[in-house]
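The values are calculated or read from the model by the stated rules, or taken from the named source; none is laboratory data. Because the structure is predicted, anything quoted here is derived from the model rather than measured. Note that each Cβ is placed from the backbone with ideal geometry, even for glycine, and that neighbours are counted across all protein chains shown.
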Ligand code: TYM
């Protein structure tokens, strides 16, 4: 029991705003399963974040359940990890509001994700899209998380979370633990296959640039065969001058565990054709067991329900302790 209490804590989440991408898998989920023994881990479906962009309600429900199944299929054992749906734990919304009042307009204006998303959704730049980082800070701080395992694009949000926590702690005394981002060395920024200078993203208009975790093998192979490279015909890691080839090397490195020197040697003197096929096949094999297990789990809705119910209960217990502390500190009258 002593050990249980002393374990460091982890929280992370993904928005169920669409099908999970290879980027989310390599940048985030893939790294989570290995942490379960050493840390006390909380992983959520960040459904409240998704409505900052319009969602089709039935699709949001479906994506949330598929995401839970994919978490489990990727090795997150529900006995060892707390898996829950964000909206099932009201403390997220409650602390989110409090933190809104300790987050500055200026700092929110500097967030890259806000700038990107408001450019992509110019007809719906709502207040939630703007204050999103305060809700994300609440997600993390409620659990007093030590580490937040995410891809490189979320680093700025973990940094603002630390700033908000520091501000609050400065005003009211130690309340929140300051979390650190935990970003993988390889795989932190998977780029689009067709536009390798921009991030692989489910909101990308060009669907050939984005590979999905649960996509059919033949579609994955086709996308890799079409991937943008260059006219140099040399497999060499050089993200600045050869972004397409370097992105494929990054993916292949994570999928096979080989380093860049070994990959360069493996394809020396060969054209890009065999290289692209090899990368596609490595991804198909990496994802195959996860897809099959996800499909199996989705056929058992009762099991998935039992997982998210138990998860919400465990998460709420921890979250409510932090929320009570915060309510007291800011001066809310106890009920
Ligand atoms: P989201 O849903 O956009 O992405 C989920 C996770 O996948 C990582 N990721 C990538 N990594 C590498 N290459 C890519 N192309 C790529 N695309 C996505 C992201 O970095 C992220 O780790 N705000 C978060 C969700 C969230 C959250 C949280 C995360 C809400 N509350 C609390 C951590 C803690 C987001 O939009 O991630």
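Brief remarks on what is shown
- Filtered by the rule that a residue be free of Cβ contacts under 8 Å to residues at least 60 places away in the same chain and in contact with a strand residue (DSSP E or B) (Cβ under 9 Å, 6 or more places away or on another chain), the stretch 205-221 gives 209, 219.
- Among the residues here, residue 195 qualifies as more than 11 Å from the ligand (Cβ to nearest atom), surrounded by fewer than 19 Cβ atoms within 10 Å (Cβ to Cβ), modelled with pLDDT of 95 or more and not in a helix (DSSP H, G or I).
- Considering the conditions (1) part of a loop (DSSP other than H, G, I, E, B); (2) touching a residue at least 24 places away in the same chain (Cβ under 8 Å); (3) closer than 22 Å to residue 220 by Cβ, residue 258 is excluded by exactly one of them, (2).
- Out of 252, 327, 308, sole residue that is closer than 21 Å to residue 188 by Cβ and either in contact with a helix residue (DSSP H, G or I) (Cβ under 9 Å, 6 or more places away or on another chain) or buried (at least 20 other Cβ atoms within 10 Å of the Cβ) (or both): 252
- Failed condition for residue 94, given (1) part of a helix (DSSP H, G or I); (2) under 30 Å from residue 291 (Cα atoms); (3) over 18 Å from the mean Cα position of the chain (by Cα): (2)
- The stretch 143-152: number of residues that are surrounded by fewer than 19 Cβ atoms within 10 Å (Cβ to Cβ) and either within 11 Å of the ligand (Cβ to nearest atom) or in a helix (DSSP H, G or I) (or both): 1
- Matching residues, the stretch 46-66, being closer than 21 Å to residue 92 by Cβ and assigned to a loop (DSSP other than H, G, I, E, B): 46, 51, 52, 53, 54, 55
- Among the numbered conditions (1) more than 16 Å from the ligand (Cβ to nearest atom); (2) surrounded by fewer than 21 Cβ atoms within 10 Å (Cβ to Cβ); (3) part of a helix (DSSP H, G or I), the only one that residue 69 does not meet is (2).
- Count - residues of the stretch 223-245 that are closer than 19 Å to residue 201 by Cα, out of contact with any helix residue (DSSP H, G or I) (no Cβ under 8 Å at 6 or more places or on another chain) and surrounded by fewer than 20 Cβ atoms within 10 Å (Cβ to Cβ): 1
- Qualifying residue in the stretch 153-160 (condition: modelled with pLDDT of 95 or more, within 11 Å of the ligand (Cβ to nearest atom) and not in a helix (DSSP H, G or I)): no
- Single unsatisfied condition, residue 13 versus (1) in a helix (DSSP H, G or I); (2) within 16 Å of residue 157 (Cβ to Cβ): (1)
- First in the stretch 181-193 and closer than 15 Å to residue 204 by Cα, second anywhere and near the ligand (Cβ under 8 Å from one of its atoms) and assigned to a loop (DSSP other than H, G, I, E, B), Cβ under 6 Å, 6 or more apart: 190/200; 191/200; 192/200
- Evaluating residue 40 against the criteria (1) over 10 Å from the mean Cα position of the chain (by Cα); (2) outside any helix (DSSP H, G or I); (3) within 8 Å of the ligand (Cβ to nearest atom) leaves one unmet condition, (3).
- Of the residues screened, residue 76 is one that is within 15 Å of the chain's Cα centre (by Cα), in a loop (DSSP other than H, G, I, E, B) and touching a residue at least 40 places away in the same chain (Cβ under 8 Å).
- Pick from the stretch 43-59, criterion more than 16 Å from the chain's Cα centre (by Cα) and farther than 17 Å from residue 133 by Cα, ranking: nearest to the ligand (Cβ to nearest atom): 55
- The number of residues in the stretch 101-142 being within 12 Å of the ligand (Cβ to nearest atom) and in a loop (DSSP other than H, G, I, E, B) comes to 2.
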